[in-house]
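None of the figures in this text is laboratory data; all of them are computed from the coordinates on show. No experiment lies behind these values; they were computed from the predicted model shown. Counting neighbours? That spans all protein chains shown, and the Cβs are built from the backbone with ideal geometry, glycine included.
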Amino acid sequence: MANSKGGSKNLLWLMVGLVVLSVGVAGVAVYLAWQSSNNAPAEGEKAATPRRSPIFVEVEPFTINMTNSRGTSRLLYIGMTFKVSDKETRDILKDHLPQVRSRLLMRISDEPVDELTDTEGKKQLADKLIVALQDPPLTEQQPELNIEEVLFTEFIVQ
């Protein structure tokens with residue numbers, strides 16, 4: 001009987017040692033996994049890039065007298081905002097806002113009002129407005145204006 005008591009005690013110490021060793025190995029594995037997840041992007045994800053806020057230039061709405069294909073007078077109430085790529089383009093547009101509004105008014109008044117009532121006509125108008133602001137330049141030695149998009153905020157044909 002004395003032998004069985006000593007064997008149980010040894011077995012108990014062996015079990016305690018294995019539990020402590022297992023907990024230690026698990027702790028090291030968790031620590032290493034945590035360190036690697038903090039230092040590298042997860043698989044399939046891109047590295048985090050700083051979010052860039054969009055830059056907008058708002059043009060106050062204005063009304064334009066137009067004629068349709070039948071020769072009758074129509075009114076267009078239009079408001080728009082330009083989405084630009086950089087602050088330099090924003091500053092140029094804001095500094096020359098009277099010229100910008102004049103060019104927009106002149107370009108829009110040349111359009112057939114009947115074509116502006118559908119989505120495709122509005123898309124084509126947006127492209128034409130970008131070109132109208134690019135050429136001729138608003139100022140001497142003006143860099144190319146980086147206008148990404150024309151956003152119509154108000155558009156009423158009456």
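I need the per residue convex hull volume for region 82-127, using only the alpha carbons, in cubic angstrom as a whole number.
Details: hull volume 3.3 nm³, N = 46.
It comes to 71 Å³ per residue, whole-number rounded.
Name the residue from Asn38, Gly7, Thr153 whose Cα lies farthest towards the positive end of the charge dipole of the chain, charges +1 on Cβ of Lys and Arg and -1 on Cβ of Asp and Glu.
Among Asn38, Gly7, Thr153, the one farthest towards the positive end of the dipole of the chain is Gly7.
Compute a Gaussian network model of the chain, connecting alpha carbons closer than 10 Å, and tell me which residue from Thr63, Thr49, Thr139 fluctuates the most.
Between Thr63, Thr49, Thr139, it is Thr49 that shows the largest mean-square fluctuation.
Looking only at GluC sites (Glu not before Pro) in DSSP loops with at most 15 other Cβ atoms within 10 Å, what is the longest site-free stretch of the chain?
On the way: sites that count: Glu43, Glu45, Glu140, Glu144.
Looking at the chain, 46-139 is the longest stretch - no exposed GluC sites (Glu not before Pro) with at most 15 other Cβ atoms within 10 Å.
Tell me, what is the FRET efficiency for Arg52 and Val131 to the nearest 0.05, using R0 = 25 angstrom and their Cβ-Cβ distance as r? Numbers along the way, then the final one.
Working: r = 26 Å, r/R0 = 1.02.
Result of the calculation: an efficiency of 0.45.
Just tell me the longest site-free run in the chain, where the sites are trypsin sites (Lys or Arg not before Pro) in a DSSP loop having at most 12 other beta-carbon atoms within 10 Å.
Numbers: sites that count: Lys46, Arg51, Arg52, Arg70.
In short, 71-158.
Using a Förster distance of 30 Å, how high is the FRET efficiency between Lys123 and Ala33, based on the Cβ-Cβ distance and rounded to 0.05? All intermediate terms of the calculation are to be shown ahead of the outcome.
Details: r = 51 Å, r/R0 = 1.69.
Step by step, r from the Cβ atoms, then E = 0.05.
Given Cβ point charges of +1 (Lys, Arg) and -1 (Asp, Glu) and nothing else, what value in debye, to the nearest 20, does the dipole of the chain about its Cα centre take? Write out the running numbers ahead of the final one.
Working: 17 positive and 21 negative charges, 239 e Å.
Here the size comes out at about 1140 debye.
With mean projected area of the Cα convex hull in nm² defined as stated, name the option among [x] 12.2; [y] 9.9; [z] 17.7 computed from the structure displayed.
Checked against the structure: label [z].
Filter the chain for me: DSSP H helices, axial length by Cα at least 20 angstrom, mean Kyte-Doolittle hydropathy not below 0.5. List them by residue number. Display every interim value, and only then the final one.
Numbers: long enough: 2-39 (57 Å, 0.71); 119-134 (23 Å, -0.19).
What comes out of the filter, once short or polar helices are dropped, is 2-39.
Taking the Cβ of Thr153 as the centre, find all other residues whose Cβ is under 13 Å away and add up their charges (Lys, Arg: +1; Asp, Glu: -1).
Numbers: positive: Lys83, Lys122; negative: Glu58, Glu60, Glu149, Glu154.
Charge balance in the 13 Å sphere: -2.
Quick one: compute the contact order of the chain, relative version, from alpha carbon pairs under 8 angstrom and 6+ residues apart, as a percent. Intermediate results must be reported in sequence, preceding the final value.
Values: 156 pairs, mean separation 40.6, N = 158.
Averaging sequence separation for qualifying contacts and normalising by length gives 26 percent for the chain.
Given a Förster distance of 35 Å, report the FRET efficiency between Asp114 and Thr81 from their Cβ-Cβ distance, rounded to the nearest 0.05.
Numbers: r = 25 Å, r/R0 = 0.71.
The formula returns an efficiency of 0.90 here.
Report the extension gain between Phe155 and Met15 in nm, rounded to one decimal, defined as 0.36 nm multiplied by the number of residues separating them, less their alpha carbon distance.
Values: separation 140, 0.36 × 140 = 50.40 nm, distance 7.97 nm.
Full extension from Phe155 to Met15 adds 42.4 nm.
Nothing charged except the Cβ atoms of Lys and Arg (+1) and of Asp and Glu (-1): what's the magnitude of the dipole of region 61-143 about its Cα centre? Round to the nearest 20 debye.
The dipole magnitude comes to about 280 debye.
Which of the listed residues, Asn68, Leu116, Ala126, is farthest toward the dipole's positive end in region 55-157, when Lys, Arg count +1 and Asp, Glu count -1 at the beta-carbon?
Ranked along the dipole, the leading option is Asn68.
Given the rule -39500 (n - 2.57) for each run of at least 4 DSSP H residues, summed and divided by the residues of the chain, what is its mean residue ellipticity at 222 nm, to the nearest 500 deg cm²/dmol?
Details: 4 runs with 76 residues, N = 158.
Taken over the chain, the calculation gives -16500 deg cm²/dmol.
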